[in-house]
Amino acid sequence: MSTKGEFASCFPHGGPFDPRDLESYARWRDARLAMRPTRAEDLLVEIAAPGRPSEAEHGAILERCRRANMAVYACRDAGEGELKTRLAELGAAFGLHRLDRNLCADEDGITALEVREGGTAAGEYIPYSNRPLSWHTDGYYNGAGEQVRGLILHCARPAADGGANALMDPEIAYIRLRDENPDFITALMHAEAMTIPPNMTGGEEIRPARVGPVFSVDPRGGALHMRYSARKVNVVWRDDSATRAAVEFLTALLAADGPDILHWRLGAGQGYIGNNVLHNRSAFADGDEGRLLYRARYFDRMEGTEPGND
C-alpha cells in the first residue's frame, strides 16, 4: 500500500499555475485561449512517413503541440516495416525517450492495442476490448515518479466502425475550472485528491494504491500536468465539499461536449503525438483483420512545449 500523499503538494513560487499569482495567470490564460485550436483539422500535419521528421514536419508538429499539447499526423507512406522502430524515432525527435514499460507493454516498451480474449492478462482491461473508454489521461494509476507526460498513438488498422476519440487539452480544463472557482484548483492540487486502489489479481497485489493530485506542476520546466479518470469504480476522491464540487464541474464540462473538445477518428497511418491530454474512445466494431493501434507512453514531456516556449 502506498503512503498517503506520495505526490508532493506544493505550489510554485509564482507563475500561472500558482493560485496566488493572479497577474501571471491572467497573462497566461489570455494567451492560451487566443492560440487554442477550435477544429480538430487544425491539429493535422501531413508527414512523409513514421520516423524522423523533416525540419518542416517537426516545426509544424511542434507548433500544434504548443497550441494544444497535441498534434494529429497523417503519413503519406505508412508502410508496416519496422513500424515500432520508426515510431520510437519519431518520439525521440521531440525529446521522448523514457518509455513507460507498463504491465501489458511489449518487450520494446511499445504496446499493441487490439481486442484480446478475456482470461488473458491484457484481456481483463478495457483498452484491449471494443468497449468505450471513459475520459482519462494515460497512466493515471502510475506512481509519482513515473507519470506519463508524453504519448504517441499510431493507427495501423482502424476499426470497421467506431473507435473515435474526443480530446481535450488539460490546460484548457484547468482554465475552465479556475475561472469557475479558484477553490477547485486548490482542491484538485491537494496531495490526496485522487486515490486509485490497488490492482489485485487472484489475491495478489499487482500494483499498490496510488494517492496524488489531479493537477501538479513539473518542477523541471514549470509545465502543468494532469492525472484523471472519470471511472465510477476504482477511483476514490477526497471526501470534502471542494473536491466533490470540482469533480462534479469537471464531469459536467467533459459531458457537455462543448467547443473546447475536439473529435478525431484515426485512419490507417494516422496518429496522435504530444503531451498526455484528456481523451476518451467510443465503442467499435472490428472488421475481418481487427483494429490495431500502437501506443508509446513516455515519462518525458514534448521538448519545447513548456511555458514560455509559445
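Just so you know, all these numbers are worked out from the coordinates, no wet-lab data involved. Please read these numbers as outputs of a predicted model, since none were measured by experiment. Glycine also receives a Cβ, built like all others from the backbone with ideal geometry; neighbour counts cover every protein chain displayed.
Here the dipole of the chain is about 340 debye; that uses its Cα centre as origin and unit charges on the Cβ of Lys and Arg (positive) and Asp and Glu (negative). With the simple model of a label 7 Å out from the Cα in the direction of the Cβ, E89 to I126 spans 3.6 nm. Approximating the spin labels as points 7 Å out from Cα along Cα→Cβ, the K232-to-A283 distance works out to 1.5 nm. The mean sequence distance of close C-alpha pairs (under 8 Å, at least 6 residues apart), as a share of the length of the chain, puts its relative contact order at 32 percent.
With contributions of -39500 (n - 2.57) from each DSSP H run of at least four residues, the per-residue ellipticity at 222 nm computed over the chain stands at -7000 deg cm²/dmol.
In order along the stretch 290-305, the Karplus-derived 3J(HN,Hα) couplings, from 6.51 cos²θ - 1.76 cosθ + 1.60 at θ = phi - 60°, round to x, 5, 9, 10, 10, 10, 10, 9, 10, 7, 8, 9, 4, 5, x, 10 Hz, and Gly and Pro are given as x.
Residue-wise HN-Hα couplings along the stretch 198-205, as the Karplus relation 6.51 cos²θ - 1.76 cosθ + 1.60 with θ = phi - 60° gives them from phi, are x, 8, 10, 10, x, x, 9, 7 Hz; Gly and Pro carry x.
With a cap of 13 neighbouring Cβ atoms within 10 Å, and only residues DSSP puts in a loop, list the GluC sites (Glu not before Pro) found in the stretch 27-94. Walk me through the intermediate numbers first.
Values: sites: E41, E46, E55, E57, E63, E80, E82, E89; in loops: E80, E82.
Passing sites in the stretch 27-94 are E80, E82.
Entry for the chain at q = 0.11, 0.16 Å⁻¹: log10 I(q)/I(0) = -0.66, -1.48, Debye formula applied to identical alpha-carbon scatterers, no solvent contribution.
Altogether, the Stokes-Einstein calculation at 4 °C and 1.567 mPa s, with the Kirkwood radius of the stretch 139-268 over Cα pairs as Rh, returns a diffusion coefficient of 79 µm²/s. Stretching A56 away from R76 to a fully extended chain increases their span by 5.7 nm, per 0.36 nm per residue minus the current alpha-carbon distance.
Within the chain, the longest run free of exposed loop sites, counting trypsin sites (Lys or Arg not before Pro) that sit outside DSSP helix and strand states (H, G, I, E, B) and have at most 16 other Cβ atoms within 10 Å, spans 102-219.
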